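In what follows, a structure is listed as structure tokens, so that the remarks can point back to it.
No lab work stands behind these numbers, since they all come straight from the coordinates. All values reported here derive from a predicted model rather than from experimental measurement. Cβ sites come from the backbone with ideal geometry, for glycine too, and all protein chains shown count toward neighbours.
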Amino acid sequence: MPVRKILIVDDSATNRHALTEMLKKHGYQCSVAATGKEAIEKAKSEKPDMILMDVVMPDMDGFQATRTITRDEETKHIPVILCTSKNLETDRIWGMRQGARGYVMKPVDEKDLLSKITALR
């Protein structure tokens with residue numbers, strides 16, 4: 001099933017706006033969440049086709065939120081791509097162990113992100 005609706009999770013309003021604008025011009029519908037807890041709630045209520053998840057957030061980090069989403073029967077089918085400034089290989093490996101299906105670095109390269117989204121189809 002093609003990805004059409006993407007939930008963007010980031011505690012930075014600037015990052016949420018930039019990612020929303022980047023994806024909307026390619027035809028994606030976007031909704032946003034500012035925290036990991038809000039992401040879990042919106043994953044359940046909105047049923048997005050994909051989640052773009054920041055890692056460093058105040059209430060619950062993206063690793064914890066990804067683990068919760070990918071292990072919940074109601075939301076485990078939703079692929080998560082981590083979008084972070086954490087560039088260590090151990091962070092990428094840990095993120096994938098939490099259930100993430102992809103990992104992109106900030107600042108986000110538009111072509112790289114789009115290719116990862118397309119690969120999820």
Legend entry - Simple label model, 7 Å out from Cα along Cβ direction - residue 76 to residue 105, nm: 3.3 nm
Legend entry - Restricting region 39-87 to trypsin sites (Lys or Arg not before Pro) in coil, as DSSP defines it, with at most 14 other Cβ within 10 Å: 76
Legend entry - Within the chain, longest stretch free of exposed GluC sites (Glu not before Pro) [DSSP loop, at most 15 other beta carbons within 10 Å]: 1-72
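Treating only the Cβ atoms of Lys and Arg (+1) and Asp and Glu (-1) as charged, compute the dipole magnitude of region 63-121 about its Cα centre; round to the nearest 20 debye.
Working: 11 positive and 8 negative charges, 19 e Å.
Dipole size: approximately 100 debye.
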Legend entry - For region 1-54 and region 60-101, distance of Cα centres in Å: 14 Å
Inset, instruction - Can you pull a Stokes-Einstein diffusion coefficient for the chain at 10 °C (1.306 mPa s), Rh from Kirkwood over Cα pairs, as a whole number of µm²/s? - result: 115 µm²/s
Legend entry - Sum of -39500 (n - 2.57) over DSSP H runs of 4+, divided by residues of the chain (222 nm, nearest 500): -13000 deg cm²/dmol
Legend entry - Difference of contour (0.36 nm per residue) and Cα-Cα distance, residue 120 to residue 96: 7.2 nm
